[in-house]
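The values are calculated or read from the model by the stated rules, or taken from the named source; none is laboratory data. Since the structure is predicted, the reported quantities are computational estimates derived from the model, not experimental observations. FYI the Cβ positions are ideal-geometry reconstructions off the backbone, even for glycines, and counts take in every protein chain you see.
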Amino acid sequence: MKSSHVLLIPVFIAVSARADVLSDLSPFLGSSRPDYDPASIEADSAAGNPGYAPFSPADSDLGVQQVLGAYHGLPPVKVTFDTSVSYTDNAPGATPADDDAAWFSASRLAVSWRPRIACGWFADVGLAQDLFRFEGSKAVDFENFEPYLGVVKSIPELDDLVFFARYEYQRLTTGSLADSKYSAQRIRTGLQKDLLLTSRYQLSAGVDAAFDLDAHADLLERNEYSADLRYTYWFADHLSSTLSWTGSMWDFSHKGREDWSHLVGLELTWTPCRNARIYTNVFYTNHDSNARFGANDFEAWQSGIGLGLNYSF
């Protein structure tokens, strides 16, 4: 793959990967949307189940008052699988001249584990494998492999601000796991926080910086600085919509190159049960580089439908 072709790949990876540090850490933070069925709780269950406050006449207005208990033991390993079918007007070809509209499938298998260490610190261990397959164009099938290891810190004094830092390795392959044209090692650190959180909507934001330790090819070695905003509105308990924006600046180590990228998306999600979700989305990407003659500039629209599954053990 040419270097200009590799620029399009983070767009597809970013759209495919939806998990973040804040959402995975949410069981240990405050939440306005507890997962329980009040119809299944008997009025005399408070005495035998200390997880709920005693019932009172105001419960019909306020709902069941859940008591937060101490956290014990190790958290489970979380496994997620996403698969989707999408259409894009700018699929990455072997050269920029081959970039074209195409249908494609994207699949992602990820495993993560965040055990508590102490004093609000958590270990952050995981890996993910993405597969992209294109139809009806000259676009190149590719795979993305990303293991990582780091730490996460929740800061209650700053209203549950979440800090994270981790080592990441990324390896891109083209149609065969043995054929790699790009790999990189980097350190990523950042902050994430819920800005607004009610029973019907949530606004969260994050900033992060990633510093390449090395990259192959050398011309693609860079530092990345990003910010993101996500607004989610629940139409019903199992139906929500999320509007998101991510802005990034890539500072390349060679030839003074700087790229700016913006990714805007709208997604509608139905969660029929705790372990499954069905979604449809649309994303727009704009990438602007200071390279001569606009060689690395592009924009793309993408829309699709998908299924996500999760399992913990």
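Of note:
- Flag for A227 being modelled with pLDDT of 95 or more, of a type in the set (G, A, S), closer than 28 Å to S312 by Cα and surrounded by fewer than 16 Cβ atoms within 10 Å (Cβ to Cβ): no
- Residue list for region 164-196, restricted to those being in contact with a Lys or Arg (Cβ under 7 Å, 6 or more places away or on another chain), farther than 17 Å from V151 by Cβ and assigned to a strand (DSSP E or B): L172, S180, S183
- Counting the residues of region 174-187 that are within 19 Å of E221 (Cβ to Cβ) and more than 20 Å from the chain's Cα centre (by Cα) gives 4.
- Residue list for region 116-142, restricted to those being in contact with a Leu (Cβ under 7 Å, 6 or more places away or on another chain), free of Cβ contacts under 8 Å to residues at least 40 places away in the same chain and within 22 Å of A101 (Cβ to Cβ): none
- The listed residue being surrounded by 15 or more Cβ atoms within 10 Å (Cβ to Cβ) and under 23 Å from P92 (Cβ atoms), out of E267, E258, E299: E267
- All positions within region 218-257 that are under 19 Å from K181 (Cβ atoms), in contact (Cβ under 8 Å) with a residue 40 or more places away in the chain and either in contact with a Phe, Trp or Tyr (Cβ under 7 Å, 6 or more places away or on another chain) or of a type in the set (S, T, N, Q) (or both): L220, S253
- Region 133-160, subset at pLDDT below 95 and among the aliphatic types (A, V, I, L, M), residue nearest to P115 (Cα to Cα): I155
- Restricting region 262-290 to residues that are modelled with pLDDT of 95 or more and small (G, A, S), the residue that is farthest from E221 (Cα to Cα): A276
- Flag: A215 does not match the condition of being free of Cβ contacts under 8 Å to residues at least 60 places away in the same chain, in a strand (DSSP E or B) and either polar (S, T, N, Q) or within 19 Å of A165 (Cα to Cα) (or both).
- Options N290, N310: the member that is without any contact (Cβ under 8 Å) to a residue 40 or more places away in the chain, of a type outside the set (G, A, S) and touching a strand residue (DSSP E or B) at 6+ places or on another chain (Cβ under 9 Å): N290
- Residue list for region 150-176, filter: charged (D, E, K, R), over 10 Å from K193 (Cα atoms) and either in contact with a Cys (Cβ under 7 Å, 6 or more places away or on another chain) or loosely packed, with under 15 Cβ neighbours inside 10 Å (or both): E157
- Pairs, first without any contact (Cβ under 8 Å) to a residue 12 or more places away in the chain in region 191-203, second not in a loop (DSSP other than H, G, I, E, B), C-beta under 8 Å, six or more apart: L195/L203; L195/S204; L195/A205; L196/Q202; L196/L203
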